[in-house]
1. What percent antiparallel are the DSSP beta bridges of the chain, to the nearest 5?
2. If the cut-off is a Cα-Cα distance under 18 Å, which aspartates and glutamates reach LYS293, setting aside same-chain residues fewer than 8 apart in sequence?
3. Only counting other Cβ atoms within 10 Å, I'd like HIS423, HIS19, HIS149 sorted with the fewest neighbours first.
4. Using the Cα centre of the range 41-96 as the reference point, and only Cβ charges (+1 on K/R, -1 on D/E), how large is the resulting charge dipole? Debye, rounded to the nearest 20.
5. Most exposed first by the Cβ proxy, i.e. fewest other Cβ within 10 Å, how do SER287, SER325 rank?
6. Multiply the residue separation of SER110 and ALA202 by 0.36 nm, subtract the distance between their alpha-carbon atoms, and state the gained length in nm to one decimal.
7. Quick one: if you stick a label point 7 Å off each Cα along the C-beta vector at ALA242 and TRP65, how many nm between them?
8. Measure up LYS228/LYS424; LYS229/LYS275; LYS56/LYS463; LYS2/LYS229; LYS2/LYS372 against 30 Å on the Cα-Cα distance and list the ones that go over.
Amino acid sequence: MKILFVYPRVAETFWSFKHALRVVARKSAFPPLGALTVAAMLPSDWTKRLVDMNVKELSDQDLLWADYVFISAMIAQKESTHQVIRRCRSLGVKIVGGGPLFNAYKEDFSHLDHLVLGEGEITVPQFVQDLRAGCPKSRYESQDHPPLHHTPIPLWELIDLNDYVSMSVQYSRGCPFNCEFCDIIVMNGRIPRTKSDDQMIAELDALYRRGWRGSIFIVDDNFIGNRKKVKRLLRRIIQWQADRRGRLNFFTEASVDLAEDEELMDLMVAAGFNKVFLGLETPSEESLKECGKAQNLMRNLSESVRRIQSRGLAVMGGFIIGFDSDPPDIFQRQVQFVQRNGIVTAMIGLLTAIPGTRLYRRLEEEGRLLFKASGNNTDTSGSLNFVPRMDRNIIIGGYRWVMNTLYSPEMYYRRILAFLNQHKPVVKTHLESNDLFTFLRSLWYLGVEDQKNGHNYYWSLVKEGLTRYRKSFADIVTLSIYGYHFRRLFWSPYLPVNWEWWKGHVLSADP
């Protein structure tokens with residue numbers, strides 16, 4: 001049996017890092033972890049190939065080679081997925097669909113040969129068994145959440161690791177919280193399930209043996225969902241790192257209550273973690289109550305960010321605009337919160353209703369749903385897919401002002417300085433070979449080519465790094481490159497960072 005895995009092209013989004021990839025000379029930010037894991041679940045005597053369309057073009061010869069094409073996709077890959085399906089249909093190639101896109105919009109893909117939905121540990125073996133017996137069904141689906149003790153190591157040999165900025169590894173699935181807008185608990189449940197420590201070490205060994213020495217994104221919904229197990233794992237990783245010459249570094253996602261556990265933060269830093277993504281959502285308490293973000297209401301969010309960054313973990317923040325309870329000044333408040341707390345990487349999106357979530361069901365009952373979301377919540381035409389309480393033009397205009405303001409060169413530069421002043425860097429006084437290569441390329445792209453878009457601020461950061469923040473110099477280089485990407489997505493040099501101007505000229509315009 002010949003199986004071709006296809007990972008469709010990701011739309012240009014906040015997390016695609018399309019423009020940053022030019023600087024670091026890589027083709028994609030992250031590998032298709034789901035497809036690689038499913039590949040490892042298939043029989044070893046089957047021949048497998050993978051085409052990541054973010055890395056290389058998909059040819060007709062690729063498709064015609066396969067007995068089955070397995071498409072793994074997220075919602076933000078919807079457009080590219082439909083293109084791949086049309087090509088497969090025209091060539092008569094059989095298609096198997098799986099992943100978040102197919103789970104969310106399964107009825108849109110009922111015409112595929114096979115849908116394998118839910119968690120693969122349950123549905124993939126069922127499909128394989130029936131396929132071998134010559135009687136595969138059109139749909140396999142399960143709402144169960146299995147243990148992860150038998151989840152295999154991803155089939156890393158199907159990709160070239162050097163095409164990617166970071167590798168991805170999963171430790172747990174599920175989150176104990178119940179946020180109204182979140183589809184994570186719909187897919188993976190509310191009880192965190194983890195792999196064993198031995199499994200995780202085996203996965204790190206597999207990447208290390210293949211020569212990986214860069215960063216690893218632990219893609220968990222909430223890495224600290226089971227703190228007792230996480231602390232035990234971190235101690236194993238600390239020992240694993242000590243036994244090797246080249247250290248890896250990690251980043252992940254967590255809930256804001258991380259700030260209350262100093263031991264956990266210190267273990268994460270000692271294990272090699274340097275960044276953590278937090279769902280902060282909004283500085284409005286009424287909006288936090290509305291969306292069920294109780295864990296954020298139990299603590300001062302600004303103080304939590306400062307605690308985490310002072311322990312050596314850079315905070316990447318997720319924020320949302322468009323709640324029914326958002327006050328009229330939510331736009332200014334979001335900017336002030338992000339700027340004041342030095343949250344350099346602030347992913348602010350428009351509220352989006354994803355099928356299966358409590359938010360989707362509520363808006364459906366209220367008759368407020370408008371269209372299917374694009375999966376990119378920074379896309380003003382493909383998110384906010386419902387009738388909001390606040391005037392839609394005001395929300396979209398205000399959102400554009402927020403992003404244009406936060407990612408203007410001056411505001412971004414000042415935010416990096418605010419971050420550096422509260423961040424306790426891991427001791428690192430030199431640039432490693434990969435860091436040096438990236439820095440030299442950034443000198444050209446950010447310091448010379450980007451002259452009209454804030455290159456003076458870049459040179460100021462380099463100077464600050466060399467004179468005042470040497471231990472954080474690698475962070476400065478990384479954040480500068482992130483800023484290059486964000487500016488090209490969200491900032492216009494022709495629009496002023498002035499709220500009064502925007503109110504008069506933008507908020508009254510059609511979105």
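Please treat every number below as a calculation from the coordinates, not as lab data. As the structure is a prediction and not an experimental result, all values here were calculated from the model. In this analysis, Cβ positions are derived from the backbone assuming ideal geometry, glycine residues included, and neighbour counts consider all displayed protein chains.
1. If I count the DSSP bridges inside the chain, around 5 percent turn out antiparallel.
2. Here the aspartates and glutamates satisfying the reach criterion relative to LYS293 are GLU180, ASP183, ASP221, GLU253, ASP257, GLU260, GLU281, GLU285, GLU303, ASP324, ASP326.
3. Least to most surrounded, the residues fall as HIS149, HIS19, HIS423.
4. For this selection, approximately 160 debye.
5. So the ranking, lowest neighbour count to highest, is SER325, SER287.
6. 29.3 nm
7. My value for the distance between the label points is 4.5 nm.
8. LYS56/LYS463; LYS2/LYS229; LYS2/LYS372
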